[in-house]
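The values are calculated or read from the model by the stated rules, or taken from the named source; none is laboratory data. Just so you know, these numbers come straight off a predicted model, no measurement behind them. As a convention, Cβ positions derive from the backbone with ideal geometry for all residues, glycine included, and neighbour counts pool all protein chains shown. Ligands, DNA and RNA are excluded from the accessible area calculation, which covers all protein heavy atoms including side chains. Shrake-Rupley method; radii C 1.70, N 1.55, O 1.52, S 1.80 Å.
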Amino acid sequence: MLSGLLRMTAGLALLALPAAAQAADVTWYGQAAFKIVSPNGKVILIDPFISKNPKTPKAMKDLAKIGNIDLILVTHGHGDHIGDTVALAKQSGAKVGINADMGRTFATLGWLGMKQMIRFNKSGPVKPADGITVTMVPANHSSEVVFKDPKTGKQTMYPGGEPAGYVIELSDGYKIYHAGDTGVFLDMKFIGEYYKPDLALLPIGGHFTMDPTHAAYAVNNLLKTPTVMPMHYGTFGLLKGTPEQFKKALGTTSTKVVVMQPGETRKFGG
Ligand code: NI
Ligand code: MN
């Protein structure tokens, strides 16, 4: 009798929970720049190349309009990935997740204070905000930081550590793999098997990263992610790969390809 009553009470408690998990909002600015709003409201920017991004719609280039930011992740030291990181971190107070060596370069140059950065490295997950877990994973690319002296225009190279991708687990368990800039590499199989991302954001432009056929190989043979979205194409003349070529190279596959337009926001998961 008592246990029956307890079961009933437990059942009622379950009914009182929200009906379904909420989705994440993912906004693409073009190139590798994204804003992800986790179901619990935490705002994450990745590689925020926005104000000088030729693909970002004009109305979205005003950094002041981005509002609250909890975390900025930078995959490597190239300008189309560091982008507006420093300005956005300063205006919002957001933490900046960055490879430990590039973080040291940022501090040496006076760009950001050590306390504002989460300097970490691969396979050591961090919890930078409530309900959010970020794991750094390898990327096969390069990573130098160029400092241009504003007075003389002279350029100096600084170490950018190793390039990376990120697996971001949101508050409802939905996992997004942002590959950064990368060629195809066999450890993508590990990333697919171990983290089981729900969504993979993959470069397809070629020249500096995977082209559509290499990216399709990565999806079909290594990552096997249920949903993929192509990025890092068409921004500059050298990045010639197209989503159509990517889809064609994927062939018949159970993977869903989501092609977004720069400036667009879509819901994932939930
Ligand atoms: Ni790069
Ligand atoms: Mn790039």
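What to note about this one:
- Lys55 being modelled with pLDDT of 95 or more and open to solvent by 80 Å² or more (accessible area, probe 1.4 Å): yes
- Some residue of the stretch 96-105 being open to solvent by 50 Å² or more (accessible area, probe 1.4 Å) and farther than 25 Å from Pro203 by Cα: yes
- Conditions (1) of a type in the set (A, V, I, L, M); (2) in a helix (DSSP H, G or I); (3) more than 16 Å from ligand 2 (Cβ to nearest atom); number of the one not met by Leu112: (2)
- Taking the criterion of being open to solvent by 40 Å² or more (accessible area, probe 1.4 Å), under 24 Å from Tyr174 (Cα atoms), β-branched (Val, Ile, Thr) and at pLDDT 95 or above, the only residue of the stretch 229-270 that qualifies is Thr265.
- Filtered by the rule that a residue be away from ligand 2 (no atom under 13 Å from the Cβ) and not in a strand (DSSP E or B), the stretch 146-160 gives Asp149, Pro150, Lys151, Thr152, Gly153, Lys154.
- Residue in the stretch 215-225 that is more than 24 Å from Asn121 (Cα to Cα), within 16 Å of ligand 2 (Cβ to nearest atom) and buried (at least 19 other Cβ atoms within 10 Å of the Cβ) present: yes
- The listed residue being hydrophobic (A, V, I, L, M, F, W, C) and closer than 21 Å to Pro230 by Cα, out of Ala59, Ala33: Ala33
- Restricting the stretch 136-161 to residues that are in contact with a helix residue (DSSP H, G or I) (Cβ under 8 Å, 6 or more places away or on another chain) and within 12 Å of ligand 1 (Cβ to nearest atom) leaves a set whose member that is farthest from Gly77 (Cα to Cα) is Val146.
- Listed by position, the strands (runs of 3 or more DSSP E) inside the stretch 161-209 whose residues that are surrounded by fewer than 20 Cβ atoms within 10 Å (Cβ to Cβ) number at least 1 are 175-178.
- Taking residues in the stretch 205-219 that are among the aromatic types (Phe, Trp, Tyr), and partners anywhere that are at pLDDT below 95 and in a loop (DSSP other than H, G, I, E, B), not one pair has Cβ atoms closer than 6 Å while being at least 6 places apart or on different chains.
- Residue within the stretch 70-81 that is surrounded by 13 or more Cβ atoms within 10 Å (Cβ to Cβ), in contact (Cβ under 8 Å) with a residue 24 or more places away in the chain, part of a loop (DSSP other than H, G, I, E, B) and small (Gly, Ala, Ser) present: yes
- Of residues in the stretch 122-132 being out of contact with any Gly (no Cβ under 8 Å at 6 or more places or on another chain), over 15 Å from Gly165 (Cβ atoms) and touching a residue at least 24 places away in the same chain (Cβ under 8 Å), the one least open to solvent (accessible area, probe 1.4 Å): Ile132
Rundown of residues vs (1) over 21 Å from Ile82 (Cβ atoms); (2) within 16 Å of ligand 1 (Cβ to nearest atom), yes/no style:
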| position | (1), (2) |
| --- | --- |
| Ile168 | no, no |
| His178 | no, yes |
| Ala215 | yes, yes |
| Thr242 | yes, no |
| Thr255 | yes, no |
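- Any hit, the stretch 130-145, residues being part of a loop (DSSP other than H, G, I, E, B) and among the hydrophobic types (A, V, I, L, M, F, W, C): yes
- Within the stretch 31-53, being of a type outside the set (Ser, Thr, Tyr), farther than 16 Å from Arg266 by Cβ and either touching a helix residue (DSSP H, G or I) at 6+ places or on another chain (Cβ under 7 Å) or within 16 Å of ligand 1 (Cβ to nearest atom) (or both) holds for Gln31, Ala32, Leu45, Asp47, Pro48, Phe49, Ile50, Lys52, Asn53.
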